[in-house]
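The values are calculated or read from the model by the stated rules, or taken from the named source; none is laboratory data. From a predicted model like this one, the values you see are computed outputs, not experimental measurements. Cβ coordinates were reconstructed from backbone atoms using ideal geometry, including for glycine residues, and neighbour counts include every protein chain displayed. Ligands, DNA and RNA are excluded from the accessible area calculation, which covers all protein heavy atoms including side chains. Shrake-Rupley method; radii C 1.70, N 1.55, O 1.52, S 1.80 Å.
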Amino acid sequence: MKKEKTFEQVVEEIKGRPILVANRGIPARRIARSIRESFEAIPIITATDVDRTSPANSAAKELILLGSNPRAYLDIDLIIRKARERGVIAIHPGWGFAAEDDSFPEKCKAAGIIFIGPDTAAMGQLGNKVKARALAESMGIPTIPGSKGAVTVEEAREVANNSIGYPVMLKAEGGGGGRGISEVRNESELGSAYEKASAMARAAFGNPRLYVEKLLTSIRHIEIQVAADQYGNVVALDERDCTVQRNHQKLIEITPSPWPKMTPELRENLKTWAAQLIRQVGYYSLATVEFLVDADGRPYLVEVNTRLQVEHGITECRYGIDLVEEQIAVAFGAKLRLTPDQRALNHAMQVRINCEDPRIGFAPNSGKITHYISSGGQGVRVDSCVSGNYDFPSDYDSAAALLMAYGASFEKVLGIMDRALGEYIIHGLATTIPFHRQIIRHKRFRQGEYDTRFLMETPEL
C-alpha cells in the first residue's frame with residue numbers, strides 16, 4: 001500500500017514545478033489560480049490560436065500553444081507530447097473537452113505525468129452511464145427504469161413500447177452536461193430523435209451509443225459532491241440543487257437545496273449512496289453523483305461525473321474550502337483533509353452568465369465586448385474568462401462567467417445575488433444577466449417550489 005503523504009509534503013514536492021491545465025476559459029483560469037496560490041507551482045495553460053489573447057491566460061505563467069485547430073483541446077496525444085517537451089509533472093483536464101476520456105489517465109501514466117483525476121479503470125466504470133447504472137442497481141441504489149445497456153433504434157423502440165412506456169429519454173452512453181439527449185413523447189418521434197441524439201453524442205464524446213430510460217416529470221435535479229483519496233477515505237458533501245435548466249443545460253445552482261421536501265433523511269440517503277458508489281470501485285479524486293428526485297421525494301441515480309464540475313464553486317463557498325487544492329494534493333498521494341462531518345458555513349448560489357440573447361431563443365453571440373465591470377463586495381465570487389475590449393470567440397461555448405453569492409441564509413443569498421447581477425456590466429454582446437435577475441425575483445423560485453419544467457411553464461421569463 002502506498003505511504004500516505006501530508007498536504008504540506010505535497011506542497012514541498014511540487015513547489016516551483018510546472019503543472020499544465022489542458023483546458024481554456026473559466027476552468028483554465030480557476031485551476032491555474034490554485035496551482036499558483038496553494039502550491040507555489042508554475043501554472044501553464046494550453047491555448048489554440050483562437051485563445052492566444054484570452055483574458056483567462058492571465059492566470060498562467062506560460063502558455064503551451066496547440067496550433068490552429070480550435071478543437072485541439074480534445075487531442076490528448078498532442079497535449080501530452082507538448083507537456084513532455086516542457087517537462088510538465090502533472091496535467092489537470094478541467095471540465096469539458098477530454099476531461100472524461102478514460103484514455104487520458106493511462107496515456108499520462110505512460111508518459112510519466114500525473115493525471116489530476118481518477119485512474120482509467122475507475123473513470124471507465126463510473127463515467128460510462130450504462131456501467132454506472134448497472135453497478136448502482138447491483139448495490140440496491142435506485143435508478144430510473146430503462147434499458148440495461150446501449151441500444152439500437154429498434155431495441156429502443158422495443159424497450160419503450162413493451163417495457164417502460166412513453167415518454168422516454170435517449171441519452172449518450174459516454175458523456176454528460178446535457179449533450180446527446182433527446183426527449184421522445186411517442187413512437188413516431190423515436191427514429192428522428194435517435195438519429196439526432198446519436199449525432200450529438202458522436203460530436204461531443206466520440207461515442208454515438210445511446211441508452212433509453214423513462215422520462216420523469218415534476219422532478220428536482222440534485223447532485224452530491226464527493227471527494228476521495230488513494231487510501232479509501234471518502235467524503236460526501238451537501239447537495240447542490242441544479243433544477244433550473246433550459247434544454248437540460250443547468251442555469252442556476254444552489255446549496256443547500258431550498259426545496260421544502262429536501263429533508264435531512266433524504267440528504268443523508270443521497271450522500272450515503274454517493275459515497276458507497278465511489279468507494280465500491282476504489283475511486284479517488286473528485287466526482288459528482290447526480291440524482292433526480294420526484295415530487296414525492298423518491299430519488300433515482302442519473303449518472304456520475306468523473307471530473308471537476310462547473311458548479312463546484314458554490315460547494316467551496318458553502319464550506320470555505322478549495323476543492324481543486326484537495327484534488328491536486330490527492331493526485332500526488334496526499335491524504336484527504338476533508339472529513340465526513342465537514343462544517344458548513346454558508347448558503348450559496350451560482351448563475352451561469354453566457355453570451356446568449358434570451359430574446360431570440362438564447363442564440364449565442366460573439367464579437368467584441370466593449371465594456372466590462374465585474375461584480376464584487378461581501379458575499380460575491382466571480383470566475384470569469386472575459387474582459388473589456390475582448391473579442392469573444394464563436395468557436396467554443398458561450399460561457400463568460402460564473403457569478404456566485406453566499407451568505408447565512410437562502411434569503412440573504414437572494415439579496416446578494418440580486419445586487420451582484422445589478423452591478424455586473426457587459427456591453428457589446430447580449431448576455432443572460434437580465435434573464436437571471438428575472439428568475440431570482442420570481443415568487444416560485446424564491447419559495448423553492450419549482451421543478452425542471454419551471455422555465456417552460458413560466459412564459460413571463
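Sort the stretch 346-397 into rounded, prolate or oblate with this rule: let a ≥ b ≥ c be the square roots of the eigenvalues of the Cα gyration tensor; rounded if a/c is under 1.5, and if a/c is not under 1.5, prolate when a/b is larger than b/c, oblate otherwise. In terms of gyration-tensor shape, oblate. Based on DSSP H segments of at least four residues, each scored -39500 (n - 2.57), the chain has a per-residue ellipticity at 222 nm of -9500 deg cm²/dmol.
Note on the chain: with neighbouring protein chains present and a 1.4 Å probe, carbon and sulfur make up 48 percent of its accessible heavy-atom surface. Under the classification rounded if a/c is under 1.5, otherwise prolate if a/b is larger than b/c and oblate if not, where does the stretch 337-461 fall, given a ≥ b ≥ c as square roots of the Cα gyration tensor eigenvalues? Here the stretch 337-461 falls in the oblate category. Between Thr6 and Arg202, the contour length at 0.36 nm per residue exceeds the alpha carbon distance by 66.4 nm. Counted residue by residue at 0.36 nm each, then reduced by the alpha carbon distance between them, the extension gain from Arg359 to Lys109 reaches 85.2 nm. Averaged per residue, the stretch 156-223 has 41 square angstrom of accessible surface, using a 1.4 angstrom probe with ligands and nucleic acids left out. Taking the centroid of alpha carbons for each part, the stretch 24-74 and the stretch 329-378 are 17 Å apart.
Using every pair of separate Cα atoms, the Kirkwood estimate puts the hydrodynamic radius of the chain at 22.6 angstrom. At full extension, Arg33 and Gln438 could sit 142.6 nm farther apart than now, given 0.36 nm per residue minus the alpha carbon distance. Which of rounded, prolate or oblate describes the stretch 253-364 when judged by the alpha-carbon gyration tensor and an a/c cut-off of 1.5? Oblate.
Using the 1.4 Å probe convention, the accessible area of the stretch 19-143 works out to 37 Å² per residue with neighbouring protein chains retained.
Ranked by the mean number of other Cβ atoms within 10 Å of their residues, highest first, the peptides 242-248, 92-98 come out as 92-98, 242-248.
About its Cα centre, the dipole of the stretch 317-461 is roughly 440 debye, where the only charges are +1 on Lys and Arg Cβ and -1 on Asp and Glu Cβ.
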